[in-house]
Amino acid sequence: MLIIMKIIIVTIISIFFAFLIGLFLIPYLKKKRKNQTLSTYLLKRHSMKSNTPTMGGLIFIIPPIVITLILIFLGKIIPSYNLFIVLFTFFSYGMIGFIDDALIIKRHNNQGLSESVKLILQILCATVIFYMFLKGGNEPLLWIHTINFKLNIGWLYGIFILLVLTGSSNAVNLTDGLDGLAGGLSLISFFTLGIITLNTGWLEGYMEITLFIFSLVGSLISFLMFNTYPAKIFMGDTGSLALGATMGITAILTRHEILLIIIGIVFVIETITCLIQRWYYKFTKKRIFPMTPIHHTFEQIIPESEVVKIFWLIGLIGCLLSLLFGVWI
């Protein structure tokens, strides 16, 4: 019961902390004209959003990091390599996104970091994370709990970590196109990952990671107060890359990498449809879907807010199935 009370307290504190950040950050960004630059592809439908500030990911990035560090300083939680892996992943990918957002704002177009520079930065981060992963006593195993399958792949696990982090971070980034969509799905996903992490008693630092995750859940609750339709602020790459990478590293540490596909089923669908569209167009010069990411296709049929609700529901169903499989079975 003690850990449950800690989770509740941390979540509540994070809600208030993030809400206060939002109250001060949004007017500041508006004053400094830190607005999202919209693609001309979407400008007609989303023209009213052109004056909405971005970098809103700071609302839910700052509280979990600050609260966790304060708890460590006060001796309320015991730091571990695994906790620092999560913190480093969250912060480093958030910084990559922050630099990307800053360049977009400075240039007044959608040209932030190039794909090659982003990849180099992600490789560097993944290398550090892999080193910390091994230093923390974790084995480089492909591990499927259900059939008790384990395979030690050595240094190749570093490439596996890179693929998971790159895939998950970019998946959330692609999904961040409608007010509240990526934020709401991330809230549902992290709540699920928090429950799964709480049930991985064999993982060193699992309780501390659980508290961090629920601190993030609380911060996302407040972020959605500002981000749901009509959005007062966008999370930007600052938020989406941090969220996606943290989902990935949490799944890796808890050995639920495959289950992450179901937890983030909407993120997976968004990514797959984008890849299909891109490759199909490359070879045929035709499109399968009217628009991608796929939420824009649905947006042509039903209102934006309804698309978000439907996608949230799909994400919730995926997460409930994941809990059934990941916790009960």
>> The conditions are (1) touching a helix residue (DSSP H, G or I) at 6+ places or on another chain (Cβ under 8 Å); (2) surrounded by fewer than 21 Cβ atoms within 10 Å (Cβ to Cβ); (3) in a helix (DSSP H, G or I), and L134 fails exactly one of them. Which is it?
In response: (1)
> Among the numbered criteria (1) crowded, with 20+ Cβ neighbours inside 10 Å; (2) free of Cβ contacts under 8 Å to residues at least 60 places away in the same chain, which single criterion is violated by T284?
Replying inline: (1)
> Do you know which residues across the range 253-266 are part of a helix (DSSP H, G or I) and either farther than 11 Å from I188 by Cβ or out of contact with any Ser or Thr (no Cβ under 8 Å at 6 or more places or on another chain) (or both)?
Replying inline: L253, L260, I261, I262, I265
> Here is a list of conditions, (1) within 18 Å of the chain's Cα centre (by Cα); (2) at pLDDT 90 or above, and I258 meets all of them except one; can you say which number that is?
Replying inline: (2)
>> Report every pair of residues separated by at least 6 positions or lying on different chains whose Cβ atoms are under 6 Å apart, first residue within the range 259-270 and closer than 12 Å to V164 by Cβ and surrounded by fewer than 21 Cβ atoms within 10 Å (Cβ to Cβ), second modelled with pLDDT of 95 or more and not polar (S, T, N, Q).
In response: I261/V268
>> I'd like to verify a number: residues in the range 137-159 that are out of contact with any helix residue (DSSP H, G or I) (no Cβ under 8 Å at 6 or more places or on another chain), part of a helix (DSSP H, G or I) and either under 22 Å from V268 (Cβ atoms) or not aliphatic (A, V, I, L, M) (or both), how many?
In response: 1
> Of the residues that make up the range 133-156, is at least one touching a Cys at 6+ places or on another chain (Cβ under 9 Å) and in contact (Cβ under 8 Å) with a residue 60 or more places away in the chain?
Replying inline: no
>> Just to verify a result, which residue in the range 85-100, among those that are among the aromatic types (F, W, Y) and under 12 Å from I65 (Cβ atoms), is surrounded by the fewest Cβ atoms within 10 Å (Cβ to Cβ)?
In response: F88
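The values are calculated or read from the model by the stated rules, or taken from the named source; none is laboratory data. Small disclaimer: the values here were computed from a predicted structure and weren't measured. Don't worry about glycine lacking a Cβ; one is built from the backbone with ideal geometry, like all the others, and counts go over all protein chains shown.
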